Amino acid sequence: MIAVLVLLIPILAIVLDSDVGKAIARRLERKNLREGDGAVHDRLVYLESELERITGEVGRLDEENQFFQKLLADRSERRSLPADAGDEAPDPEH
């Protein structure tokens, strides 16, 4: 009896790893999906709504990023602009 089990284990491993075993596994997975269509549909609807929410959030973050980049660019431009001669305070040492 033990010898039969010892021989069946490698044979079973070979069959399960073959294309036939993979096809059987795919068929079983599809069968399980059909049985739970209601749950799968509910989950799909939930995921789609979350995707829409996240897409909106990413768009909002993109707008914020563009706004901050513009602020930083304006700030650096102001620092790099030369000051007008009339705006400078007189140097007390001269």
Worksheet, complete the sentence: Here the stretch 19-31 yields Karplus 3J(HN,Hα) values (6.51, -1.76, 1.60; θ = phi - 60°; whole Hz; Gly and Pro given as x) of 5, 5, x, 5, 5, 5, 5, 4, 5, 5, 5, 5, 4
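Cα convex hull of the stretch 9-76: how many Å³ per residue?
Numbers: hull volume 10.5 nm³, N = 68.
Value for the stretch 9-76: 154 Å³ per residue.
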Fill in: Karplus-derived 3J(HN,Hα), 6.51/-1.76/1.60, for each residue of the stretch 59-72, Hz, glycine and proline x
x, 5, 5, 5, 4, 4, 4, 4, 4, 5, 5, 5, 4, 5
Worksheet item: Length gain on complete extension for the stretch Leu47 to Arg60, per 0.36 nm per residue less the alpha carbon to alpha carbon distance?
Response: 2.7 nm
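Since every read-out is calculated from the coordinates, none of them should be taken as a lab result. Treat the numbers as computed from the prediction; the structure is a model and nothing was measured.
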